[in-house]
Amino acid sequence: MEAKYFNWLLWGWIALAAVTFVALLFVRAPYGRYLRAGYGPVLGRRLGWVLMELPSAVGMALLFALSERRDNLPAFVFMLLWTAHYFHRTFIFPFQLARGPGHSLTTVLLAVAFNVGNVYFNGRWLFFLGPQLEESWLTDPRFVLGVLIFAGGFILCKHSDAILIDLRRRFPGEYRIPQGGAFRWVSCPNYLGEITEWFGWAILTWSIAGLSFALWTVANLAPRAWHHHRFYLEKFPDYPKERRALVPFVV
């Protein structure tokens, strides 16, 4: 029964990403600098991050452990790449952050729901419903290219995060213009890195489920990058005019 409806559900999930993209162009997600009243109790910044990302940190490994593909090397590598990203994002990244605005309960619950759905679609396809890949997949050009893009996106994201974290530690409670690294070209290279990372995932898994995650990442982060860019332009008269919001020289 599940296999019969899985593709329909997956395309519906992608359609919901498109709706979310349009909505977030007009409504700024209420966390961080855009935190505001009306979305329920506010959780601490670190606690909110951990709760939001926890389903992804444990969910993929759990689905892998429950599958019959535990001895399949490509499946193990997929699980390892995903879990490595989310282990860092859940248990390391939040504790590198300086104290700051937290997360509304509404934001946390929506993020949990998204991460549960995302794990379901990717994990069920890779470990249960999709084709079981042979070990030769790990030398396939699509896998190699995808891993390189995935790794490049991760490095760009973490390097950009480090610049922001250092800036906020040196100037607590203030917003300053980020300098250095890919901030020379865009306002949100951390978001560009994460988007790049998950398009790499879509390529290395060569799946519509993987593509759905990449599209959801665009839906969530591209509008926020645009809002951040406008925030900088409005707050700082001397903000570099050559910077774009997300994609160098484009937008």
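Kindly list, by first and then second residue, each pair from a residue in the stretch 45-56 that is free of Cβ contacts under 8 Å to residues at least 24 places away in the same chain to a residue that is surrounded by fewer than 19 Cβ atoms within 10 Å (Cβ to Cβ), limited to pairs with Cβ atoms under 7 Å and residues at least 6 apart or on different chains.
That search, which allows pairs on different chains as well, returns nothing.
From the list Leu63, Leu47, Leu81, Leu24, which one is modelled with pLDDT under 95 and buried (at least 18 other Cβ atoms within 10 Å of the Cβ)?
Checking each option against the conditions leaves just Leu24.
Would it be correct to say that Gln179 is part of a loop (DSSP other than H, G, I, E, B), more than 19 Å from Leu233 (Cβ to Cβ) and among the polar types (S, T, N, Q)?
no
Mind listing whichever residues of the stretch 103-113 are surrounded by fewer than 20 Cβ atoms within 10 Å (Cβ to Cβ) and not β-branched (Val, Ile, Thr)?
Once the filter is applied, which keeps residues that are surrounded by fewer than 20 Cβ atoms within 10 Å (Cβ to Cβ) and not β-branched (Val, Ile, Thr), the stretch 103-113 yields Leu105, Leu109, Leu110, Ala113.
Do we find a residue being touching a Ser or Thr at 6+ places or on another chain (Cβ under 7 Å), under 24 Å from Arg89 (Cβ atoms) and small (Gly, Ala, Ser) anywhere in the stretch 241-250?
The answer is yes; a qualifying residue exists.
Just a yes or no: is a residue in the stretch 154-164 within 21 Å of the chain's Cα centre (by Cα), closer than 18 Å to Leu215 by Cα, at pLDDT 95 or above and surrounded by fewer than 21 Cβ atoms within 10 Å (Cβ to Cβ)?
Within the stretch 154-164, one or more residues are within 21 Å of the chain's Cα centre (by Cα), closer than 18 Å to Leu215 by Cα, at pLDDT 95 or above and surrounded by fewer than 21 Cβ atoms within 10 Å (Cβ to Cβ).
State all residues of the stretch 111-157 that are among the acidic types (Asp, Glu) and not in a helix (DSSP H, G or I); if no residue qualifies, say none.
Across the stretch 111-157, the qualifying residues are Glu134, Asp140.
What number of residues within the stretch 165-178 are closer than 26 Å to Phe199 by Cα and either at pLDDT 95 or above or of a type outside the set (A, V, I, L, M, F, W, C) (or both)?
1
Return the only residue of Arg124, Arg176, Arg99, Arg69 being surrounded by fewer than 16 Cβ atoms within 10 Å (Cβ to Cβ), among the basic types (Lys, Arg) and in contact (Cβ under 8 Å) with a residue 12 or more places away in the chain.
Arg99
From the list Thr90, Thr83, Thr107, exactly one residue is within 16 Å of the chain's Cα centre (by Cα) and either more than 23 Å from Pro41 (Cβ to Cβ) or of a type in the set (Phe, Trp, Tyr) (or both). Which is it?
Answer to the check: Thr83.
Can you tell me which of Gly12, Gly40, Gly48 is under 18 Å from Asn220 (Cα atoms), in contact with a strand residue (DSSP E or B) (Cβ under 9 Å, 6 or more places away or on another chain) and either part of a strand (DSSP E or B) or not acidic (Asp, Glu) (or both)?
Residue meeting the stated conditions: Gly48.
Out of Val186, Val147, I need the residue that is among the β-branched types (Val, Ile, Thr), touching a residue at least 40 places away in the same chain (Cβ under 8 Å), surrounded by 15 or more Cβ atoms within 10 Å (Cβ to Cβ) and over 28 Å from Trp13 (Cα atoms). Which one?
Testing whether each residue is among the β-branched types (Val, Ile, Thr), touching a residue at least 40 places away in the same chain (Cβ under 8 Å), surrounded by 15 or more Cβ atoms within 10 Å (Cβ to Cβ) and over 28 Å from Trp13 (Cα atoms) leaves just Val186.
Which residue, of Ala225, Ala202, Ala151, is at pLDDT 95 or above and touching a Phe, Trp or Tyr at 6+ places or on another chain (Cβ under 6 Å)?
Ala225
Suppose we keep only residues that are touching a helix residue (DSSP H, G or I) at 6+ places or on another chain (Cβ under 7 Å) and in a loop (DSSP other than H, G, I, E, B) within the stretch 158-176. Which one would you say is nearest to Pro55 (Cα to Cα)?
That would be Tyr175.
The values are calculated or read from the model by the stated rules, or taken from the named source; none is laboratory data. If you're wondering where the values come from, they're calculated on a predicted model, not measured in any experiment. Glycine gets a Cβ as well: all are built from the backbone with ideal geometry, and neighbour counts include every protein chain shown.
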